[in-house]
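What follows is a single structure, written as structure tokens, with notes after it.
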Amino acid sequence: MFSQLAKVHKIEGPKFVFAHIPSPQWPFLFDANGNPTHRDKLNTEQKKEAYLNQLIYIDKRIEGLIHEILANSQVDPIIILQSDHG
């Protein structure tokens, strides 16, 4: 998803791009560095840690994506971020 969003500047003309990133939510698939995790049975503390680690990873990816879009856009884009988790 992130690699495709990084290409939106190549689409000609005005555009509206909506991206839904369903994370960080169960299942927690990535650690803070983007490495896959495979943990099914987690206690409460492990769930908190897994949530935070996945949030850290997703935040890094979104920040990098925004920098890439801004650097490659001929016209300054308007970027709106909205969240209900994290």
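Quick look at the values:
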read-out: Relative packing of peptides 32-40, 13-21 - highest average C-beta neighbours within 10 Å first; value: 32-40, 13-21
read-out: Cβ-placed point charges (K, R +1; D, E -1), dipole of segment 35-78 about Cα centre in debye, nearest 20; value: 280
read-out: Those lysines that a straight Cα-Cα span of less than 17 Å connects to LYS7, excepting residues fewer than 8 apart in one chain; value: LYS15
read-out: Cα centre as origin, Lys/Arg/Asp/Glu Cβ charges: the chain dipole, Debye; value: 180
read-out: Rough spin-label spacing in nm, given labels placed 7 Å along Cα→Cβ, for HIS67 and LEU42; value: 2.6
read-out: Cα shape, the chain, gyration tensor, a/c 1.5 rule; value: prolate
read-out: Cut-off under 5 Å, modelled amide H: who pairs with PHE30 long-range; value: THR37
read-out: Residue (of HIS67, ILE80, PRO22) at the positive-pole extreme of the chain, dipole from beta-carbon charges; value: PRO22
read-out: 0 to 90° range, to nearest 10: angle between helix 44-72 axis and the chain longest Cα axis; value: 10
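Any read-out appearing in this document is the output of simple, stated calculations on the displayed coordinates, not a laboratory observation. Predicted model, so just to flag it, every value in this text is computed and none were measured. Note that each Cβ is placed from the backbone with ideal geometry, even for glycine, and that neighbours are counted across all protein chains shown.
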